[in-house]
Amino acid sequence: MSVGSSFAHDAAQLHVTGQARYVDDIPIPQNGLHLAFGLSTVAKGRIINMDLSPVLDSEGIVAVITCKDLPFENDTSPAAKDEPLLAEGEVNYVGQPLFLVVAESHLLARKAATKALISYAEQLPILSIEDALAAESRFEEGPRIYKKGEASSAIRGAALQLSGTFSIGGQEHFYLEGQAALAFPSDDSEMVIHSSTQHPSEVQHKVANALGLGMHDVRVEVRRMGGGFGGKESQANSLAIACAVAAQTTGRPCKMRYDRDDDFLITGKRHDFRIDYEVGFDETGKIQGVSFIHYVRCGWSQDLSLAVADRAMLHADNAYHLEHCRVESHRLRTNIQSATAFRGFGGPQGMIGMERVIDHIAGHLALDPLSIRLRNYYRDSNLASVVKPQTTHYGMEVTDFGLNAMTAEMVESCDYVARRIAINEWNKKNPVLKKGIALTPVKFGISFTLTHLNQAGALVNLYQDGTLRMNHGGIEMGQGLFQKVAQVAASGFGIDIKKVKITATDTAKVPNTSATAASSGSDLNGMAVKLACDEIRCRMSEFLAEYYQAKPADVRFHDNKVYIGNHDLTFAKATKLCYENRISLSSTGYYKTPDIVWDRIKGHGRPFYYFAYGVAVSEVAVDTLTGENRILRADIIHDVGASLNPALDIGQIEGGYVQGAGWLTTEELIWNDEGRLMTHAPSTYKIPVASDRPRIFNVQLWNNENCEETIYRSKAVGEPPLMLGMSAFFALSHATSATGENYPMVDAPATSESLLWACERAQYGV
Amino acid sequence: MDVTFLLNGETVALKNADPHLTCLDFLREQRNLSGSKEGCNEGDCGACTVIVLDKEIIRPLNACILFLGQLNGKAIRTVEAVGEDGHLHPVQSEMVEKHGSQCGFCTPGIVTSLVAAQINGRSDHENILAGNLCRCTGYAPIIKAAETAAVLSEPTWLREDRKKIRDISASPNANWPQSSDEIAALLTANPKTRLIAGATDVALWVTKGLQDVSPSAFLANVEDLSQIEDRQGEYVIGALVTIEALFNWAKVSCRPYAELLRRYGSVQIRNAATLGGNIANGSPIGDNPPVLIAAGAELCLRQGDKRRRILLEKYFLAYGRQDLKVGEFVEAIVIPKSLDALRCYKVSKRFDQDISAVCGCFNIEINNGIISSVRIAFGGMAGIPKRASHVERALVGKPWSLQALEETEDEWLKDFVPLTDVRASAKYRLKVARNLLTRYFMERSGQSADVLQVVP
């Protein structure tokens, strides 16, 4: 069967030959135009005067568009309507688009965009978490609070207490393909958009609103993206709207791509957090009660921040059963880029807060953090057991927990215990170089927490020669979704994968799609395609059974053939026969995730259909003279259920780990005192390179069918592996702690500098 | 200017072309060769990597910071044309086989980097790919593909390009000097001429600064400044020696310098950038000046027919100000041969392809346990590459011991008042500068202090 096979990425051949076409590669007619935004240079203030005449006088300029020229809605936000495409007097961050240049070339547009003469009445920007708290600058009326039991009394009543503050930096997506869009105006008011977006239906919606059209007038097509990672869930809207408006204004095709520096400056990143925690526990490290306060720096507009902050709260337990737990979350409005979705969507920040607590307890008790982890894990689920399942701090029963078994397997297979002893011995002999090792678990909830998004549609067309063309709402951004879903379709009819044509996602074929986000792509779209295939197969079976005088249940589809009782015919002949007998060979499919109920205000319910699990062990080395460090080895066991495509899943796991480790080590975002992002290009913002990957890198899939009825019992794999990178961070904590008696309180990212100070704290205390 | 070159085997002859148009824009916008991607437009991500045949040498270069003017007389291969007779190159098929592409956007650059490396007989894949960012895979499958791909050291197209390149000649241009004499004459006639060697800095003034860098002269054909000479007692390095050539020389002549250069930019950058450029631009964070200052190197400058030779450290006057007269240019760098005690330490946020937060270079002679001479120079610690004069003075004559090092504590503050910026804080820089001297002591004493050597 096609499902379960390690086929290569559907476009691999095109990738390696340079033939794969991205938005900026789509040829446009000679009269095509190019756009660039003029950006704010202040973080907060009012525009007093905007003299655009030097822009208009610049070479190759066709038009300059300001908010006054926008025909209809001036908004790019996913929901809150608080994000104008072009500023309307008020400026809220350095990099905010103020006007739109339409020019004959990309370079001429960029040149002109720098020439405006703008005067501002500057105001004091709110930049830090502390600034925002002092000014009560926040989204929602006050903090959200989720809780279970009585955390404060449990903490007070415990034998031991600890508290701390933990800073967690944000992260730039650094998709290799920057944001890009292209609009083709056509007759009859139709607008065709090519966008590098994870959310074509939203682009369609926003463009329609901006042009005063119905959604039926706008068609959005996405064949592939050069990476998204959450950064193109809402951030692609601006470019598509800008192109559409300019195309409507000029009647010419319009293309826009951000130069990389502009991309850094304009678009949102992962939310940075400060987490204050208090924990009460006993001498064995068993947690009696824990309390977290999340301070979330959301930037200037709401974007997806509420849902991100919610998900952080929902992952504050990570893999641990907490009888008494309280999570308070402040969503702070600041004058920087509006933080947005990024792989994990708040989950990583919530989770690492809990892992920090575990690490701190272990440091305090001078125990191996692994023993604290095991002491507090949820019980492994046993479906046959009569014991009531344990519940999370938001009241969801954990019925599929398997980390005890996975951890045991990991400890055994990577020889954790002996290695940790050897490392501690090695550290005693080496005054300057120190090694560290850590095992961290991941439990990640799968489903959009906004319940209505958990739906998907598909269109499957079978042709009379037995070939199949399919379309669904998911976006291919490198994760291999298209191939996985094609495998589902091929398996649906027992045909060769080559008979399945993958096509660009298109809002005209499948409407009202959700973003390809929340790791949901293959769960939702795979199921929708399967249901469409099931429908067509059912029609074929019924007809063929009648034709050959057999029972529909006796019709089988496999090996490119159809077997009907004693008869068999090729799949192509079967489709031909169906066609000639007027059987419809086309169907839509529609899927919605069952059994999820969630009240985000009360913080109670079952927001997730299931959890994905993983466990990682990292070994690192640190130079305590400089803080320079290396990941030496990583071992991973990750649960993808019954894998749809093991090779693609392993790719997600390896890539996720490295991206997560990057977030927590070298990737540092720095704003200056005026609110300008100073790390605005790969020269200053350092994502991992080849030599940063662990030299020894063992990845194993946990062979375990999903207990829920997902697509072929597989599990989502997009986001969860990113959090395996936490093991590198806590291994660094272990290594630095070898320099002294105190807990090093490492903040994230653990840059060389951050680790050097952590070594000082370990030696001399805070 | 007029430019003639081979593009994927075909001759391209351009009349009155904009010499500062980037190769990448030319490929994508004028030739519909959209396989080479723009990821950063500053030579840091490698998605635009093309293979350039320059006389006999194959270089992977970043097309986004490669000017059309630099291509004169060369042969360029893009990802669309590295296959063999309609088949995939083994690197391409292994990238498919090993699942080395996910989103695919970095892939063309990865492929061209690996193909170029094969031709050059290299298999140190981590170094080869230091200039190719991938955000999806975590690199493991790419390295696997690189390791298992069958080696094609001389693809068919390369043999043909080598033949054809002999038949095309670079278009003659006024701004296309052939010798140092011609550079001198050109600068005398028009002292404002911008000299462009590898363009790894100047191209950013165009792609990011959106400046016009005219008038300029392209130095790619100046042979007499591209040599490394081994003279009695000293090495003379021509200003136009690329960092890659310098790296290959240092592997034999000064290992610690080579290890520093291994981490200088990326293969693509090292193949374009020149030693003269790294010095002439006066950057306080270029990695060559501190090494060369610690080595006691001298700079050979020329203005018309006038030549002078100065200690390199005297060249850097203040931030952004060099001892370079109008119409004067760097001809060569002279390095003394006594390099045994020289060690160079680069500390950056990321090991590979990053700019130094601190680059510390130490050259300390010890006679009978007593420190006899000291040269210590740093990049990243001041507005210019700078010697630690007070520390040096405090060390001379002292016994070679950790105690002597510790006694320099206060001297560092007299030598350096570093800045806080995105790469590091002032406090970190000072602390690390001192600690690097400790590392030097440990290394000289045979103790291991290199985190890159630690194995699991």
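The values are calculated or read from the model by the stated rules, or taken from the named source; none is laboratory data. Source: prediction; values computed, not measured. In this analysis, Cβ positions are derived from the backbone assuming ideal geometry, glycine residues included, and neighbour counts consider all displayed protein chains.
General observations
- B:C23 more than 8 Å from chain A (Cβ to nearest Cβ) and under 27 Å from B:S266 (Cα atoms): yes
- Selection of helices (runs of 4 or more DSSP H) fully inside segment B:243-331 by the criterion of at least 2 residues being charged (D, E, K, R) returns B:243-253, B:255-262, B:312-315.
- Selection status of B:G46, buried (at least 24 other Cβ atoms within 10 Å of the Cβ) and touching a helix residue (DSSP H, G or I) at 6+ places or on another chain (Cβ under 7 Å): yes
- B:A424 vs. criteria under 30 Å from A:R633 (Cα atoms) and among the small types (G, A, S): yes
- For beta carbons closer than 6 Å, sequence separation of 6+ or different chains, a first residue in segment B:306-325 that is touching a residue at least 24 places away in the same chain (Cβ under 8 Å) and a second that is among the aromatic types (F, W, Y) and surrounded by 12 or more Cβ atoms within 10 Å (Cβ to Cβ), the qualifying pairs are B:Q322/B:Y315.
- Residues in segment B:77-92 that are in contact with an Asp or Glu (Cβ under 9 Å, 6 or more places away or on another chain) and part of a strand (DSSP E or B): B:R77 alone.
- The set of residues in segment B:186-214 that are assigned to a loop (DSSP other than H, G, I, E, B) and either of a type in the set (G, A, S) or touching a Cys at 6+ places or on another chain (Cβ under 9 Å) (or both) comprises B:A197, B:G198, B:A199, B:G209, B:S214.
- Filter result for the condition that a residue is crowded, with 24+ Cβ neighbours inside 10 Å, within 27 Å of A:Q652 (Cβ to Cβ) and hydroxyl-bearing (S, T, Y), over B:T148, B:T107: B:T107
- Residue selected from segment A:3-18 under the condition within 11 Å of chain B (Cβ to nearest Cβ) and in contact (Cβ under 8 Å) with a residue 24 or more places away in the chain, by the criterion nearest to A:G226 (Cα to Cα): A:A11
- Restricting the search to helices (runs of 4 or more DSSP H) fully inside segment A:291-384 and requiring at least 2 residues that are within 18 Å of the chain's Cα centre (by Cα) gives A:305-314, A:347-365.
- Some residue of segment B:8-24 being of a type outside the set (S, T, Y) and under 23 Å from B:G121 (Cα atoms): yes
- Residue match in segment A:270-287 (condition: within 14 Å of chain B (Cβ to nearest Cβ) and either in a strand (DSSP E or B) or surrounded by 24 or more Cβ atoms within 10 Å (Cβ to Cβ) (or both)): yes
- The residue list A:A422, A:A490, A:A458 contains one member that is surrounded by 24 or more Cβ atoms within 10 Å (Cβ to Cβ) and either touching a Phe, Trp or Tyr at 6+ places or on another chain (Cβ under 9 Å) or within 14 Å of chain B (Cβ to nearest Cβ) (or both), which is A:A458.
- Scope segment A:695-707; condition surrounded by fewer than 18 Cβ atoms within 10 Å (Cβ to Cβ), more than 7 Å from every other protein chain (Cβ to nearest Cβ) and either out of contact with any Asp or Glu (no Cβ under 8 Å at 6 or more places or on another chain) or assigned to a strand (DSSP E or B) (or both); matching residues: A:R695, A:N698, A:Q700, A:N703, A:E705
- Applying the criterion of being in contact (Cβ under 8 Å) with a residue 12 or more places away in the chain and at the interface with chain A (Cβ under 8 Å from one of its Cβ atoms) to the residues of segment B:62-90, the residue that is farthest from the chain's Cα centre (by Cα) is B:E80.
- Those residues of segment B:114-134 which are outside any loop (DSSP other than H, G, I, E, B) and either within 10 Å of chain A (Cβ to nearest Cβ) or out of contact with any Pro (no Cβ under 7 Å at 6 or more places or on another chain) (or both), in sequence order: B:L114, B:V115, B:A117, B:Q118, B:I119, B:H125, B:E126, B:N127, B:I128
- Any chance A:K509 is under 20 Å from A:A490 (Cβ atoms) and assigned to a loop (DSSP other than H, G, I, E, B): yes
- Segment A:19-65, residues that are away from chain B (no Cβ under 14 Å) and either at pLDDT below 95 or outside any strand (DSSP E or B) (or both): A:N31, A:S40, A:T41, A:V42, A:A43, A:K44, A:L52, A:S53, A:L56, A:D57
- Taken over segment B:435-452, the criterion of being on the phi < 0 side of the Ramachandran plot and either more than 9 Å from every other protein chain (Cβ to nearest Cβ) or in a loop (DSSP other than H, G, I, E, B) (or both) is satisfied by B:L437, B:Y440, B:F441, B:E443, B:R444, B:S445, B:Q447, B:S448, B:A449, B:D450.
- Within segment A:270-311, the set of residues being touching a strand residue (DSSP E or B) at 6+ places or on another chain (Cβ under 6 Å) and either closer than 12 Å to A:T340 by Cα or free of Cβ contacts under 8 Å to residues at least 12 places away in the same chain (or both) comprises A:R270, A:H271, A:D272, A:V296, A:R297, A:C298, A:S305, A:A309.
- Picking from residues in segment A:673-694 that are more than 9 Å from chain B (Cβ to nearest Cβ) and assigned to a loop (DSSP other than H, G, I, E, B), the one that is surrounded by the fewest Cβ atoms within 10 Å (Cβ to Cβ) is A:D673.
Yes/no per residue for (1) in a loop (DSSP other than H, G, I, E, B); (2) within 25 Å of A:L107 (Cβ to Cβ); (3) within 27 Å of the chain's Cα centre (by Cα); (4) not β-branched (V, I, T):
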{"site": "B:N16", "(1), (2), (3), (4)": "yes, yes, no, yes"}
{"site": "B:P19", "(1), (2), (3), (4)": "yes, yes, yes, yes"}
{"site": "B:D44", "(1), (2), (3), (4)": "yes, yes, yes, yes"}
{"site": "B:P60", "(1), (2), (3), (4)": "no, yes, yes, yes"}
{"site": "B:E94", "(1), (2), (3), (4)": "no, no, no, yes"}
{"site": "B:C103", "(1), (2), (3), (4)": "yes, no, no, yes"}
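- Residue in segment A:124-144 that is surrounded by the fewest Cβ atoms within 10 Å (Cβ to Cβ), counting only those that are closer than 19 Å to A:S301 by Cβ and among the acidic types (D, E): A:E141
- Within segment B:419-434, restricting attention to residues that are surrounded by 23 or more Cβ atoms within 10 Å (Cβ to Cβ) and in a loop (DSSP other than H, G, I, E, B), the residue that is farthest from the other protein chains (Cβ to nearest Cβ) is B:R423.
- Close pairs from segment A:154-179: first more than 30 Å from A:F229 (Cβ to Cβ), partner of a type in the set (D, E), Cβ under 6 Å, at least 6 apart: A:I155/A:E278; A:A159/A:D282; A:S163/A:E278
- You will find that of A:R252, A:R219, the residue that is surrounded by fewer than 24 Cβ atoms within 10 Å (Cβ to Cβ), more than 14 Å from every other protein chain (Cβ to nearest Cβ) and part of a loop (DSSP other than H, G, I, E, B) is A:R252 and no other.
- The numbered conditions (1) of a type outside the set (G, A, S); (2) touching a Phe, Trp or Tyr at 6+ places or on another chain (Cβ under 6 Å); (3) farther than 30 Å from A:G231 by Cα are all true for B:T193 except (2).
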